[in-house]
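Q: Structure below; questions to follow.
The values are calculated or read from the model by the stated rules, or taken from the named source; none is laboratory data. For clarity, every value in this text was computed on a predicted model and none was experimentally measured. Ideal geometry is used to build each Cβ from the backbone, glycine not excepted, and the neighbour counts take in all protein chains shown. Just so you know, the surface numbers come from the protein's heavy atoms only, side chains and all, with ligands and any DNA or RNA stripped out. Shrake-Rupley method; radii C 1.70, N 1.55, O 1.52, S 1.80 Å.
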Amino acid sequence: MCCAFIYQMETSSSSQDPRIKYDVFISFRGTDVRCGFLSHLKKELRQKQVDAFVDDRLEGGDEISHSLDKAIEGSLISLVIFSKDYASSKWCLEEVVKIIECMHSNKQIVIPVFYNVDPSDVRHQKGTYGDAFAKHEKNKRNLAKVPNWRCALNIAANLSGFHSSKFV
């Protein structure tokens, strides 16, 4: 199922490179990292003159999902901060699907960061990730999207990245 998902993305994607507007798009679960890890990361990136897109840059009145998709497409790199409750957010799961699509179609660089979560839990949807998917699967409106969400998480979690336990 995962391979079909990737094939569909590659064949439906535009062959043109999007216009790069941001150096980095940061995907994260706000309740887990916004006031701690993310604020420090944004400060460090600003000091290094790295233009990072975080959802606080959304313009008032913009349609959120469209604006986030455009920001992802217009970024050179996507940084995905996997945290305990990342998979509980449909927004986050939709972002990671779009990020993996851009990785395949636009050769976007994707860097996973495992923040207080085991990479194998993300990869195999165990622990809080398994709990989140059990809830998503109970909602009939999510059923068609769940396989794509699972596949995108698996792909992203198999990329070389950073694990917070190595920096404590």
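Q: Please turn the phi angles of region 141-158 into ³J(HN,Hα) values with the Karplus equation 6.51 cos²θ - 1.76 cosθ + 1.60 (θ = phi - 60°), one per residue in order, whole Hz, x for glycine and proline.
A: 5, 8, 3, 6, 8, 3, x, 5, 4, 4, 4, 4, 4, 4, 4, 5, 6, 8
Q: Let me ask you something else. Just to confirm a number: summing +1 for Lys and Arg and -1 for Asp and Glu over residues other than residue 81 whose beta-carbon lies under 9 angstrom from that of residue 81, what do you get?
A: Details: positive: 29; negative: 32.
Overall, the nearby charge balance is 0.
Q: With a/c under 1.5 counting as rounded, go ahead and sort region 60-168 into rounded, prolate or oblate using the C-alpha gyration tensor (a ≥ b ≥ c being the square roots of the eigenvalues; past the cut-off, prolate if a/b is larger than b/c, else oblate).
A: Working: a/c = 1.64, a/b = 1.06, b/c = 1.55.
It is oblate, given that a/c is not under 1.5 and a/b is not larger than b/c.
Q: May I pose another question? Could you provide, to the nearest whole Å², the per residue accessible area of region 94-164 with probe 1.4 Å? Before the final figure, lay out the partial values.
A: Values: 3410 Å² over 71 residues.
I get 48 Å² per residue for region 94-164.
Q: Restricting attention to region 91-168, which trypsin sites (Lys or Arg not before Pro) occupy a DSSP loop and are surrounded by at most 12 other Cβ atoms within 10 Å? Could you put the intermediate results ahead of the total?
A: Details: sites: 98, 107, 123, 126, 135, 138, 140, 141, 145, 150, 166; in loops: 107, 126, 140, 141, 145.
For trypsin sites (Lys or Arg not before Pro) across region 91-168 that sit outside H, G, I, E and B with at most 12 neighbouring Cβ atoms in 10 Å, the list reads 107, 140, 141.
Q: Shape of region 107-168 from its Cα gyration tensor (a ≥ b ≥ c, root eigenvalues): rounded if a/c is under 1.5, otherwise prolate when a/b > b/c, or oblate? Working shown, then result.
A: Working: a/c = 3.27, a/b = 1.58, b/c = 2.06.
Cα axes put region 107-168 in the oblate bin.
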